[in-house]
Amino acid sequence: MAARAFEPKFMKMSVLTAALQELTPREVRDADPDRAIEDWLQFARELDVENIQLSAALHPTESDVPAEAMLDPVANTLDLRKPLDRKRADRVLAAMKEARIGITDVAYFDNLLTDDDANRKKKHDFMVKAMDAAVLLGARAVCGFVGRNIKLSMDQNLVMFEKEFVPLLKAAKDRGLQYRVEQCPMPGWNPTDLWVNNIAHVPGAWIALHRIAEKHGVGDELRIHYDPSHAVLMGQDTRSVFQYLKDAGYAFLIAGFHVKGQVIDAKGVAAWGYQGQVMQRGDWKQGEVSGDASDLLNAWKKQVAYSMHELPGTARHDPLGYLQNRTVDWLDHQLAARELLELDVANTPLVVEHEFPPARVQDKEKLKPILKGSLAFTRKIDEAAACMFALQNEVMPAQGIPVQGFGRQAYRT
């Protein structure tokens with residue numbers, strides 16, 4: 001048998017700029033909208049990362065959600081109060097060239113199936129602006145949510161998706177872009193008792209949505225930006241999710257990754273279960289939704305009563321937690337992606353998304369070593385997985401050498 005060269009393939013490292021919204025003070029970036037991108041590109045150089053995922057959002061003066069009701073400051077690194085034109089794009093491209101930093105995609109996370117017609121149109125128009133900006137900046141994709149109309153059942157939302165969301169996929173197709181959907185269920189998005197407020201939250205739903213998109217000729221535009229933290233939140237593990245997609249013939253659906261973990265608090269689960277805190281949260285007062293916007297933050301107790309986001313590398317190594325699907329096994333996550341999915345690995349973005357509450361400091365000098373360490377950890381884990389995959393799936397099989405052991409197994413209880 002002929003020997004095969006050892007050629008590990010690494011993913012494209014990136015960081016979501018929402019990690020530090022206040023890198024450029026609000027008064028500065030409001031007056032000079034593209035300064036925030038320039039500052040973040042330079043910050044990315046200091047972090048030793050080659051790409052950013054550029055965060056866009058409705059300006060606080062335009063959003064339907066008051067800033068006080070948000071867990072984090074408004075992450076509009078890309079300011080689209082006015083569309084990004086050629087002049088602005090050239091300025092950003094020059095800054096990218098100087099910093100030697102790329103943009104993996106433009107990210108806008110909002111409810112695009114909201115029940116208010118005027119509000120939904122405003123959000124759809126904004127997403128199209130984000131698409132146009134992505135094209136001007138040389139990005140291959142936009143990233144966001146689908147959302148949910150909370151006045152409709154899940155099956156009714158599928159009908160609404162076909163009517164309202166498919167045109168966004170057609171807009172992406174017209175621009176040569178993918179629309180990559182992050183699967184967060186967004187339980188705290190509103191003070192209702194609904195836990196799933198983004199219908200694209202699990203593989204079964206991804207397949208249903210893709211079939212609708214495919215019917216309208218935009219199946220190639222709909223892809224998933226997988227975040228393992230949300231799988232853990234729903235009692236899933238990455239290997240089983242990826243195996244399910246492969247078994248169903250949809251191993252091609254995932255096209256990018258958010259690298260963010262979730263650590264489940266067993267005491268919180270004992271108190272409230274996986275539905276989270278369902279009463280006396282503080283977002284309701286005397287049987288009515290509170291009129292104080294800051295109280296609406298308490299709707300997120302549906303999630304935070306039993307879990308906390310993890311910044312990769314900051315949680316203890318926990319083999320038992322991995323086996324219980326209560327935290328992310330990062331090495332197996334990266335191995336399973338290579339073993340089970342249909343990926344162009346070298347062009348697959350691996351985006352660190354920082355939402356670890358104790359470290360959500362808006363101070364560059366304090367956050368810098370934390371983010372830098374997490375990015376370095378993520379890079380090394382991906383490199384380790386790439387090396388293991390190349391050895392076990394390419395180099396050794398070429399010489400007929402069997403792989404030892406069993407590894408993690410999908411669907412195993």
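Scan the strands (runs of 3 or more DSSP E) fully inside the stretch 149-268 and keep the ones with 3 or more residues being touching a Ser or Thr at 6+ places or on another chain (Cβ under 6 Å).
On the way: elements: 178-182, 222-226, 254-259, 261-264.
Fully inside the stretch 149-268 and qualifying: 261-264.
Checking P83 against (1) assigned to a loop (DSSP other than H, G, I, E, B); (2) open to solvent by less than 60 Å² (accessible area, probe 1.4 Å): exactly one of these is not met. Which one?
It is condition (2) that P83 fails.
Answer yes if at least one residue in the stretch 137-146 is open to solvent by 40 Å² or more (accessible area, probe 1.4 Å), modelled with pLDDT of 95 or more and farther than 21 Å from V202 by Cα, and no otherwise.
Yes, that holds for at least one residue.
For the stretch 97-104, state whether one or more residues are modelled with pLDDT of 95 or more, surrounded by fewer than 15 Cβ atoms within 10 Å (Cβ to Cβ), assigned to a loop (DSSP other than H, G, I, E, B) and touching a helix residue (DSSP H, G or I) at 6+ places or on another chain (Cβ under 9 Å).
Here is the first cut: in the stretch 97-104, the residues modelled with pLDDT of 95 or more are 97-104.
With surrounded by fewer than 15 Cβ atoms within 10 Å (Cβ to Cβ) added as a condition, the list becomes 97-98, 100.
In the following step, the residues that additionally are assigned to a loop (DSSP other than H, G, I, E, B) were identified as 100.
If we keep only those that are touching a helix residue (DSSP H, G or I) at 6+ places or on another chain (Cβ under 9 Å) as well, we get 100.
Yes, that holds for at least one residue.
Taking the stretch 393-411 on its own, how many of its residues are open to solvent by 60 Å² or more (accessible area, probe 1.4 Å) and outside any loop (DSSP other than H, G, I, E, B)?
Qualifying residue count for the region: 2.
Looking at the stretch 105-123 only, could you name the residues that are crowded, with 19+ Cβ neighbours inside 10 Å and either among the β-branched types (V, I, T) or out of contact with any Ser or Thr (no Cβ under 9 Å at 6 or more places or on another chain) (or both)?
Step one: list which residues in the stretch 105-123 are crowded, with 19+ Cβ neighbours inside 10 Å, which gives 105-114, 120, 123.
Once the filter is applied, which keeps residues that are crowded, with 19+ Cβ neighbours inside 10 Å and either among the β-branched types (V, I, T) or out of contact with any Ser or Thr (no Cβ under 9 Å at 6 or more places or on another chain) (or both), the stretch 105-123 yields V106, N111, L112, L113, T114.
Scan the stretch 26-52 for residues that are more than 23 Å from the chain's Cα centre (by Cα), part of a loop (DSSP other than H, G, I, E, B) and exposed (fewer than 13 other Cβ atoms within 10 Å of the Cβ) and report the count.
Number of matching residues: 1.
Take the residues of the stretch 269-284 that are in a loop (DSSP other than H, G, I, E, B) and of a type outside the set (D, E): which is most open to solvent (accessible area, probe 1.4 Å)?
Looking only at the stretch 269-284, we keep the residues that are in a loop (DSSP other than H, G, I, E, B), and these are 276-283.
Applying the additional criterion that residues be of a type outside the set (D, E) yields 276-282.
On the way: G276: 0, Q277: 29, V278: 57, M279: 108, Q280: 169, R281: 14, G282: 19 Å².
If we take residues in the stretch 269-284 being in a loop (DSSP other than H, G, I, E, B) and of a type outside the set (D, E), then Q280 is most open to solvent (accessible area, probe 1.4 Å).
Out of all the residues in the stretch 299-336, which are more than 26 Å from T192 (Cα to Cα), among the polar types (S, T, N, Q) and buried (at least 23 other Cβ atoms within 10 Å of the Cβ)?
Selection gives T327, Q334.
Name the one entry in Q183, Q178 that is of a type in the set (S, T, N, Q), within 23 Å of M131 (Cβ to Cβ) and open to solvent by 30 Å² or more (accessible area, probe 1.4 Å). Even if it seems obvious, please write down each step before you answer.
Values: Q183 fails: open to solvent by 30 Å² or more (accessible area, probe 1.4 Å).
Step by step, each of Q183, Q178 is checked, and only Q178 is of a type in the set (S, T, N, Q), within 23 Å of M131 (Cβ to Cβ) and open to solvent by 30 Å² or more (accessible area, probe 1.4 Å).
For the stretch 304-318, indicate whether the set of residues that are farther than 30 Å from I381 by Cα and modelled with pLDDT of 95 or more is non-empty. I'd like the intermediate steps shown before the answer.
To start, the set of residues in the stretch 304-318 that are farther than 30 Å from I381 by Cα comprises none.
No, the conditions are met nowhere in the stretch 304-318.
Scan the stretch 285-335 for residues that are in a loop (DSSP other than H, G, I, E, B), in contact with an Asp or Glu (Cβ under 8 Å, 6 or more places away or on another chain) and of a type in the set (S, T, Y) and jot them down.
Selection gives S290, Y306, T327.
Quick grid of which residues meet (1) out of contact with any Cys (no Cβ under 9 Å at 6 or more places or on another chain); (2) under 30 Å from N51 (Cβ atoms); (3) open to solvent by 50 Å² or more (accessible area, probe 1.4 Å); (4) not hydroxyl-bearing (S, T, Y):
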residue: D174; (1), (2), (3), (4): yes, yes, yes, yes
residue: W206; (1), (2), (3), (4): yes, yes, no, yes
residue: R211; (1), (2), (3), (4): yes, no, yes, yes
residue: H216; (1), (2), (3), (4): yes, no, yes, yes
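The values are calculated or read from the model by the stated rules, or taken from the named source; none is laboratory data. Nothing here was measured: the structure is a model prediction, and the numbers come from that model. Cβ: placed from backbone, ideal geometry, glycine included. Neighbour counts: every protein chain shown. In case anyone asks, the SASA skips ligands and DNA or RNA and just uses the protein heavy atoms, side chains included. Shrake-Rupley method; radii C 1.70, N 1.55, O 1.52, S 1.80 Å.
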